[in-house]
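Note sheet for the following structure.
The values are calculated or read from the model by the stated rules, or taken from the named source; none is laboratory data. Quantities reported herein were computed from a predicted structural model and do not represent experimental measurements. Here the Cβ positions follow ideal geometry from the backbone for every residue, glycine too, while neighbour counts run over all protein chains shown. Keep in mind that these areas ignore ligands, DNA and RNA; they rest on the heavy atoms of the full protein, side chains included. Shrake-Rupley method; radii C 1.70, N 1.55, O 1.52, S 1.80 Å.
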Amino acid sequence: MKFLFIADPLESFKITKDSTYAMMREAARRGHELAACEPSQLRWASDGRAGGPVRAQVRDIVLTGQADAWFRESALRDAVLRDFDAVLMRKDPPFDSEYFYATHLLEQAEREGARVYNKARALRDHPEKLAILEFPHFIAPTLVTREAQAVRAFHAEHRDIILKPLDGMGGMGIFRVKDDGLNLGSIIETLNQDGAQTLMVQKFIPAIAQGDKRILVIGGQPVPYALARIPQGGEVRGNLAAGGKGVAQPLTARDREIAESLGPLLAARGLLLVGLDVIGEQLTEINVTSPTCFQEISDQSGYDVAKRFVDALEAAVTAH
């Protein structure tokens, strides 16, 4: 099969922990052909009578197995997305305007016959912070608002809260305000920009001390191990990008309940790979853009996440 990975620049990959690299390595091991491009290299054109197909400037790549020069590449070539067996959208957040536009180009490619994973419309329909609102029975008390007074009332009720922007990633912009309310006004002003931006507020979950668990769901079914990202050095954030320590551990009964409830529903919407974030027994985020933690889970547990993913990808392509 021929796979196209739409991702950040390959030169920026940290291959010892990059999940997209783990996918590529497993696909190459099976003899699949690999190509890569960035979202900026997608294009579609019309001559006034007919349009398309969606194309990209891609480079074919071969993995070398070396730590530094980890791939060899061809010269850029013009390619039609529907000519690949699968197109994998693996661009990291933020989900900004350019990411949004890329999903529309990918959806057009799907209309032309391309097979895109995760599905373009599903990426747009599941913003990673807000997607949890569909499942209130699994989440902690939560508020989404622009109104400063609503945030103050939420704090008065719950006393210990987390505030975060809707477009943050890697723990960026996350604040905790305890019972004393210290700096609450300043934090609200910083995040909501005088009512111009919506933010999310959640009741603080003390179980963060045991880790913010990333549960991977592939083809609707959970991987049996989660990566608990444990805050370090007085931090409230467990994100690896914020210095959290990743510890692989078997799923709890509650983890399985959440994953097995959401997994088939999300898979039916075109989400082949999902990363559920769970603190204690509460769902906090649904990650769909480029879920990670493949290598950390595999290295510590021995469970081959990339193999499981490529199995599911091959099955999805064959079924399509």
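At R0 = 45 Å, how high is the FRET efficiency between V62 and A150 if r is their beta carbon distance? Nearest 0.05 is fine.
0.25
Rounded to the nearest percent, how much of the accessible area of region 182-279 (1.4 Å probe, protein heavy atoms only) is carbon and sulfur?
Numbers: 1900 of 3890 Å².
Within region 182-279, the accessible surface is 49 percent carbon and sulfur.
Straight-line reach only, C-alpha to C-alpha below 26 angstrom: list the lysines that K245 could link to, leaving out same-chain residues fewer than 8 apart.
Output for K245: K14, K17, K91, K129, K164, K178, K203, K213, K307.
If I model region 167-282 as equal point scatterers sitting on the Cα atoms and use the Debye formula, what is log10 I(q)/I(0) at q = 0.12, 0.15, 0.16 Å⁻¹?
The Cα Debye sum returns log10 ratios of -0.52, -0.77, -0.85.
Given N residues in the chain, what is Rg(Cα) / (2.2 N^0.38 Å)?
With N residues counted in the chain, Rg over 2.2 N^0.38 Å equals 1.04.
Between V247 and R49, what is the FRET efficiency for a Förster distance of 45 Å, r being their Cβ-Cβ separation, to the nearest 0.05?
After rounding to 0.05, the efficiency reads 0.15.
Can you give me the Cα centroid spacing of region 40-118 and region 242-291 in angstrom?
With region 40-118 and region 242-291 each reduced to a Cα centre, they are spaced 27 Å.
Any idea of M169's accessible area? Nearest 10 Å², probe 1.4 Å.
We get 70 Å² for M169.
Consider all pairwise Cα distances in region 1-81 and report the whole-number % of them above 14 Å.
So the portion of pairs separated by more than 14 Å is 64 percent.
Enter the per residue convex hull volume of region 1-158, computed from alpha-carbon coordinates, in Å³ rounded to the nearest integer.
Here the figure is 169 Å³ per residue.
So between E157 and S97, what do we pick up on full extension, going 0.36 nm a residue minus the alpha carbon distance?
So the chain would gain 18.1 nm between E157 and S97.
Calculate the translational D of region 239-320 in whole µm² s⁻¹ from Stokes-Einstein, where the hydrodynamic radius comes from the Kirkwood formula applied to all Cα pairs, the temperature is 20 °C and the viscosity 1.002 mPa s.
This corresponds to a translational diffusion coefficient of 152 µm²/s.
Would you pull out the residues with amide H under 5 Å of L283's amide H, same chain only if 5 or more places away, H placed 1.01 Å from N?
Here I139, A140 satisfy the definition.
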